[in-house]
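Here is the structure we will look at.
Laboratory data are not the source of any read-out in this text; all were calculated from the coordinates shown. None of the values given here were measured: they were computed from a predicted structure. Methodologically, a virtual Cβ is constructed for each residue, glycine included, from the backbone with ideal geometry; neighbour enumeration extends over all protein chains shown.
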Amino acid sequence: MKADGVVRHRWRRRLLLAGWVLACLIILARSASIQLLQGSYWASTGQNQHETALEVKARRGSILDRRENPLAESTGTIHVAVAPRELVPDTRDQVVSLLTSELGLSRDARARIADPERAWVELQKGFPPQVKEALDTLRGVYLTPDWTRHSNYGDLAQDVLGYIKDGSGSGGIEGRYDEHLRGTAGEKIQARDNLQNPIPGQTVQIKAPVPGGDVILTLDRDLQEIGHEALASAIEETGARGGELIVSVPKTGEILSLVSIQKDGPGNVSAITSPYEPGSTLKPFTVASILLHSVGTLADSVDGENGTWVAGGKPLRDVHPHGMMTLGDALKFSSNIGVAKVAEGLSPSQQYQMLRDFGFGAPTGIDLPAEGAGILPRPSRWSRSTASRLAIGYGVSVTPLQMAMAYGALANGGKLMEPRIIKELRDNEGRTVFKSKPRVVREVIPGRLAREISEVLVDAVDDGTGSEAQLATYKVAGKSGTSRANEGGVYVKGHYASFACFVPVEDPQFVIFVKLDRPEGAYYGGSTAAPVTRATMEAVLAAHHAPIDWEVMASHDRRQPRNKPLPGAQFASSNLSESPTVRTSRTTPPPETGAVVPDVSGLSPRLAVRRLHARGFRVLLDAAGPVVGTDPPHSTPLLPGDTVRILVGRNGDG
């Protein structure tokens, strides 16, 4: 019995020992696995729990106008964080007061940074760099450089520039050139405690950020402002819901001003995204097809049917009835019946191809997102009445930009240019990496035909439907248009009023297109949109540094100077309608057709020039500053075409 008990105890000890050995082996194996096989993984995991890789923002490149005025740029700002536990107890209240005065903190923010139980408090971002001087030496206050995007001229061209959302460009140039502008972010390592709060002072930058490149536009800041002011004033005066205005250079396709204003709609570039039925502004291109295919000449007679005619089973009417007239007069006076009748001689393919060649029904290729193509139906989808409606600008939709470029082709001897809004791209060191060049899309019609049509459009401004766009000093070629408003393919109450023109007709320097969306009261393009183009032209001619060949303008002044040089006067090359001669005195009164010099003292130079132009005078302005008078002085009787010099004082002069 005793021997059996001894044996049982021996086996128990052996089993217990074996169990301990096995447990030790398991623990050793697990330890070896963790330390040897998984050691790097757990070390990395532990490090990641106490260190966080953070992005260091790169400075976003600037967007500048053609004269390198910054329209949108990123400026340095300061991000402020506070470690309340590190604040010296005896000076905590003073630090909180200083932070409040420098940063304008809310009551809640003051309470959080005054709480010594808090480890870390992030404050609002985007403080000006000046706070660094006041706060940089405070213990427990941590400052980090940051960047904030600014539009330097408020909402001027904001829809063209685009926006920044969540650190990336959205819409406009910001979105289209986001990759070029945003640069390459850097990287830093931030140490954190066991509660994942940043450990103050424990930050190491391991990769420096690379700034973004710049984008230089063809837009001119002054002309953009001029266009915006003129369009906004017209919308206010006519009660329109919105509108678009474009100023372009016909020889190069450069866009100098691109304005879209919508009272109630989204802030997009409707000048390129929102097609509309153009109405009579399309008639010159129908006439171009007629002339190119020898269907008729401008001297051919056509019966206006006294204002009513049936084409394709549907009635066609003119606002002002006409009898027999020439095709040129039909274009000049915007006769629907006259143009549509002669256009019956065109085949559907001829009519369609001409409009297509002028750029309708296809995107222009401007370097902005979301451009609309418009609608130009193929002949296979035409009804009986399509040809006659298409001839007068119905049954087709175009964007304001397409229309501006098409008129640019007429002004450019029949050559359609690709629109350019990007002048060049530069890297972060200022080196040019891309420079745009003028590109001819196609020669639509011979220069001879373009000139013939342009001369008719001059008559349309001088004696026809575009008389509200006349300038006293230069020949303006232009055409008005009025069409029914359309939403989602359905006609709605109201009209679109538009006007397109270029000046001077002998050697066009710029094209202006204006469209108003449903103006109230008088809604015809000639009475609502044409005055906007005239106001814009006058302001452009008065703008300093406008990209215009002033020698060309001077050589095509339609009035000869009637006066003698003003002693010491110099010709102002930055003003279009100036002449180096100024009338200084008059010994005999002018005829009844003359005018007196208005009082423009106290006005801005731009407004003063517009008022003088409105009286038919030429203007000499050779300096910038507040207007203090004119030479000759106000109330002096002069003849239209005489030159008046604007006298300006220095800023602060009375």
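Label separation (THR100 vs ARG356): 7.3 nm, computed from points 7 Å beyond Cα along the C-beta direction.
Between TRP11 and ASP462, residue separation times 0.36 nm minus the direct Cα-Cα distance comes to 149.9 nm. Could you name the lysines in cross-link range of LYS132, using Cα to Cα under 22 Å and dropping any fewer than eight places away on the same chain? Reachable lysines: LYS57, LYS188.
Ordered by the count of other Cβ atoms within 10 Å of each Cβ, fewest first, TYR491, TYR407 give TYR491, TYR407. Sequence-ordered 3J(HN,Hα) estimates for segment 625-635 from the Karplus curve with 6.51, -1.76 and 1.60 and θ = phi - 60° stand at x, x, 6, 10, x, 9, 10, x, x, 4, 6 Hz, glycine and proline given as x. Taking a straight Cα-Cα cut-off under 20 Å and skipping sequence neighbours fewer than 8 places away in the same chain, the lysines within cross-link reach of LYS332 are LYS283, LYS341, LYS475, LYS479, LYS515. Hey, can you grab everything whose amide H is under 5 Å from the amide H of VAL648? Only 5+ residues off in sequence or another chain; H modelled, so Pro and N-termini drop out. Long-range HN contacts for VAL648: VAL628. Ranking of LYS515, LYS475, LYS263 by neighbouring Cβ atoms within 10 Å, starting from the fewest: LYS263, LYS475, LYS515. Of the GluC sites (Glu not before Pro) found in segment 455-543, the ones in coil according to DSSP and having at most 16 other Cβ atoms within 10 Å of their Cβ are GLU506, GLU520. As a rough footprinting exposure proxy, the listed residues ILE255, ILE27, ILE453 were ranked by other beta carbons within 10 Å of their own, and the order from fewest upward is ILE27, ILE453, ILE255. Work the Kirkwood hydrodynamic radius out for segment 273-418: mean of 1/r over every pair of different alpha-carbon atoms, inverted, in Å. It works out to 15.4 Å.
A Förster distance of 51 Å, applied to the separation of the beta-carbon atoms of SER555 and ILE375, puts the FRET efficiency at 0.75.
I need the shape label for segment 360-512. Rule: rounded when a/c is under 1.5, else prolate if a/b > b/c, else oblate, with a, b, c from the alpha carbon gyration tensor. Oblate is the answer for segment 360-512, as a/c is 1.5 or above yet b/c matches or exceeds a/b.
Let me make sure I get this right: for segment 268-322, a, b and c are the square roots of the gyration tensor eigenvalues over alpha carbons, sorted descending. Under 1.5 in a/c it's rounded, otherwise prolate if a/b > b/c, else oblate. Which is it? Oblate, since a/c reaches 1.5 and b/c is not below a/b. Taking every Cα-Cα distance in segment 221-542 and sorting them into 20 Å bins from zero, the calculated P(r) comes out as 35, 59, 6, 0 percent. Return the aspartates and glutamates within reach of LYS207: Cα separation strictly under 12 angstrom, same-chain partners fewer than 8 residues apart disregarded; answer none if there are no such residues. Filter leaves GLU55, GLU187.
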